[in-house]
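The values are calculated or read from the model by the stated rules, or taken from the named source; none is laboratory data. This is a predicted model, so every value here is computed, not measured. No Cβ is skipped: glycine too gets one built from the backbone with ideal geometry, and neighbour counts run over all protein chains shown.
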Amino acid sequence: MTTTRLTRYDRIMLRLMNDRRGQAWYATAARRRLAVAAHITLTVAIGGLMTHLFLAEGEPLWPVAAMAVLLLPWMVATGIIDGATRGLLELREHVLDERQSAERSRVLARSHRTTTLLLAASAVALLITGGVDGNAPKAYAAPLLIAVLVVHWVMPLWVAGLRAQDEPADDDALEAGALGR
């Protein structure tokens, strides 16, 4: 952390992001990968429902209800990933130490490269589809653009969740294990 004085908000967020009560949810790499996979799946499901709502004839209410139901587990998965990264992306820059700040920069750079490739692939897919069909698929352009923007928004969280390392073992636990031999 820098010498900048922490605000009340900074202290609350730092305490929240370093709260270890939910550690069982993200203690191992497999659990973190599962949380990221669940978050990706829920994001795709919510995006698919939004696309259906956008493109469907009439105004069905069931996609809105399904999105509302899926939003709670999506928020829980977001919290699990944020806890696993100790708020790497949620805390303000001046609250992070040098290691966390460098990790944040690496995560943002990697997610930026990934979303750039995704955006290029989406543009190529629309151009190829338009070339084969003879006209651009205008109905799908807006949902595809929104989907890429959503992925751009959450990709840093996914990358940070996948890059998070296991917590080091406590010294007390190591000493107790050594004494038990």
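Taking the stretch 83-93 on its own, how many of its residues are surrounded by 14 or more Cβ atoms within 10 Å (Cβ to Cβ) and assigned to a helix (DSSP H, G or I)? Before the answer, list the steps.
At the first step, the residues of the stretch 83-93 found to be surrounded by 14 or more Cβ atoms within 10 Å (Cβ to Cβ) are 83-92.
When the remaining residues are screened for being assigned to a helix (DSSP H, G or I), the result is 83-84.
Matching residues across the stretch 83-93 total 2.
How many of the residues making up the stretch 117-126 are closer than 30 Å to Thr28 by Cα and either in contact with a Gly (Cβ under 8 Å, 6 or more places away or on another chain) or surrounded by 11 or more Cβ atoms within 10 Å (Cβ to Cβ) (or both)? Give the derivation first.
The first filter runs over the stretch 117-126 and keeps only residues closer than 30 Å to Thr28 by Cα, leaving 117-118.
Keeping just the survivors that are either in contact with a Gly (Cβ under 8 Å, 6 or more places away or on another chain) or surrounded by 11 or more Cβ atoms within 10 Å (Cβ to Cβ) (or both) gives 118.
Residues meeting the conditions: 1.
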Next on the checklist: So the check is Cβ under 6 Å with 6+ separation or different chains; which pairs have a first residue in the stretch 86-105 that's at positive phi and a second one that's surrounded by fewer than 19 Cβ atoms within 10 Å (Cβ to Cβ)?
Outcome noted: Arg86/Met17; Arg86/Asn18; Gly87/Met17
Checklist entry - Quick one: would you say Asp10 is surrounded by 12 or more Cβ atoms within 10 Å (Cβ to Cβ), under 20 Å from Val107 (Cα atoms) and at pLDDT below 95? => result no
Next on the checklist: Exactly one of these conditions fails for Leu53: (1) surrounded by fewer than 15 Cβ atoms within 10 Å (Cβ to Cβ); (2) modelled with pLDDT under 90; (3) under 20 Å from Val150 (Cα atoms). Give me its number.
Outcome noted: (1)
Item to check | Which numbered condition Val36 misses (of (1) surrounded by 14 or more Cβ atoms within 10 Å (Cβ to Cβ); (2) under 21 Å from Leu149 (Cα atoms); (3) at pLDDT 95 or above; (4) out of contact with any Phe, Trp or Tyr (no Cβ under 7 Å at 6 or more places or on another chain)) | outcome: (4)
Item to check | Some residue of the stretch 62-82 being under 19 Å from Glu167 (Cα atoms) and assigned to a loop (DSSP other than H, G, I, E, B) | outcome: no
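So, Glu57, is that one in a loop (DSSP other than H, G, I, E, B) and not hydrophobic (A, V, I, L, M, F, W, C) or not? Full working, then the answer.
Details: in a loop (DSSP other than H, G, I, E, B): yes; not hydrophobic (A, V, I, L, M, F, W, C): yes.
For Glu57, the condition - in a loop (DSSP other than H, G, I, E, B) and not hydrophobic (A, V, I, L, M, F, W, C) - is met.
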Checklist outcome for this item: For the stretch 127-176 the number of residues that are exposed (fewer than 11 other Cβ atoms within 10 Å of the Cβ), farther than 27 Å from Ala29 by Cα, of a type in the set (A, V, I, L, M) and at pLDDT below 80 is 2
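Which residues, counting only those in the stretch 13-33, are assigned to a helix (DSSP H, G or I), of a type in the set (A, V, I, L, M, F, W, C), in contact (Cβ under 8 Å) with a residue 40 or more places away in the chain and exposed (fewer than 15 other Cβ atoms within 10 Å of the Cβ)? Write out each step before concluding.
Step one: filter the stretch 13-33 for residues assigned to a helix (DSSP H, G or I), giving 13-17, 23-25, 29-33.
Those still in the list that are of a type in the set (A, V, I, L, M, F, W, C) too: 13-14, 16-17, 24-25, 29-30.
With in contact (Cβ under 8 Å) with a residue 40 or more places away in the chain added as a condition, the list becomes 13-14, 16-17, 25, 29.
Result: Leu16, Ala29.
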Item to check | Tally of residues being farther than 25 Å from Thr43 by Cβ and of a type outside the set (Gly, Ala, Ser) across the stretch 101-126 | outcome: 0
Item to check | Criterion violated by Pro63 - all others in (1) farther than 25 Å from Trp153 by Cα; (2) more than 22 Å from the chain's Cα centre (by Cα); (3) not hydroxyl-bearing (Ser, Thr, Tyr) satisfied | outcome: (1)
